[in-house]
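Structure first, then comments.
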Amino acid sequence: MPAAPPTPQAGLTRRALRATDLPGVLELETLTQSEPWGLREFQGELSRPFAAPWGFFATESLVAYFWAWLLPPETHLLRLSVTPAWRGRGLGARLLADLVELTRASQGDLILLEVAAQNERAIHLYRQAGFQIDGRARKYYASGDALRMSLRLRDWPGLAQASPGLFLENN
């Protein structure tokens with residue numbers, strides 16, 4: 001497992017997710033994803049040596065996480081979720097900044113993802129962070145198409161520079 005990314009949001013702790021966190025992951029997954037993964041998918045993912053599951057916790061409750069594969073020179077972002085009560089506080093942007101740092105630490109230069117074409121909130125977050133739309137995958141999800149997006153890190157100055165105001169105060 002790679003070293004922890006930089007300092008988390010104020011009032012939150014951050015760490016790699018473990019098997020004991022899966023009930024919270026499943027709860028958050030059900031709240032936030034239109035096509036949630038199940039326990040088997042997450043258990044299988046935990047066993048992958050290149051998996052990078054990181055979460056933010058308020059006391060003991062999981063409030064946000066990302067799940068990625070670190071496969072240098074690429075990182076594949078598989079999941080990113082923020083509980084509805086914590087949205088609008090810059091936590092999604094903080095998760096992406098952490099993912100960038102993990103990618104760089106693993107000698108990666110490219111982050112790839114697919115996002116539901118109708119998920120305007122997520123697309124906006126990714127675009128603000130500097131991701132480009134590379135194409136469309138027809139019927140990628142049961143609910144519809146996906147946009148394929150990427151972020152090249154070699155010329156990327158950071159989230160704050162990519163989109164001023166992306167972070168809120170006290171990040």
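So if I check each of T32, T75, which one is open to solvent by less than 20 Å² (accessible area, probe 1.4 Å), in contact with a strand residue (DSSP E or B) (Cβ under 9 Å, 6 or more places away or on another chain) and within 28 Å of R136 (Cα to Cα)? So that I can check it myself, show each step before the final result.
Working: T32 fails: open to solvent by less than 20 Å² (accessible area, probe 1.4 Å).
None of the others qualify; the one that does is T75.
Taking the condition of being open to solvent by less than 30 Å² (accessible area, probe 1.4 Å), modelled with pLDDT of 90 or more and either of a type in the set (A, V, I, L, M) or part of a loop (DSSP other than H, G, I, E, B) (or both), how many residues in segment 78-92 meet it?
Within segment 78-92, the subset open to solvent by less than 30 Å² (accessible area, probe 1.4 Å) is 79, 81-83, 90-92.
Restricting the remaining residues to those that are modelled with pLDDT of 90 or more gives 79, 81-83, 91-92.
If we keep only those that are either of a type in the set (A, V, I, L, M) or part of a loop (DSSP other than H, G, I, E, B) (or both) as well, we get 82-83, 91.
Counting residues in segment 78-92 that are open to solvent by less than 30 Å² (accessible area, probe 1.4 Å), modelled with pLDDT of 90 or more and either of a type in the set (A, V, I, L, M) or part of a loop (DSSP other than H, G, I, E, B) (or both) gives 3.
Just need a number here: residues in segment 51-68 that are on the phi < 0 side of the Ramachandran plot, open to solvent by 60 Å² or more (accessible area, probe 1.4 Å) and out of contact with any helix residue (DSSP H, G or I) (no Cβ under 8 Å at 6 or more places or on another chain).
Qualifying residue count, segment 51-68: 1.
Within segment 123-142, the set of residues being under 20 Å from W37 (Cβ atoms), assigned to a strand (DSSP E or B) and either in contact (Cβ under 8 Å) with a residue 24 or more places away in the chain or among the charged types (D, E, K, R) (or both) comprises K139, Y140, Y141.
Please determine whether any residue of segment 19-40 is in contact (Cβ under 8 Å) with a residue 60 or more places away in the chain and not small (G, A, S). Yes, because at least one residue in segment 19-40 is in contact (Cβ under 8 Å) with a residue 60 or more places away in the chain and not small (G, A, S). Checking R79, R48 one by one, the residue that is touching a residue at least 40 places away in the same chain (Cβ under 8 Å) and among the basic types (K, R) is R79 and no other.
Which is farther than 24 Å from E35 by Cβ and either modelled with pLDDT under 90 or within 16 Å of the chain's Cα centre (by Cα) (or both), of E74, E114, E120, E101? Criteria check complete, one pass: E101.
The values are calculated or read from the model by the stated rules, or taken from the named source; none is laboratory data. The model shown is predicted, which means the values in this text are computed figures rather than measured ones. All Cβ positions, even for glycine, are placed from backbone atoms using ideal geometry, and neighbour counts span all protein chains on display. The protein model used for the area step is the full one, side chains on, heavy atoms only, and it has no ligands, DNA or RNA in it. Shrake-Rupley method; radii C 1.70, N 1.55, O 1.52, S 1.80 Å.
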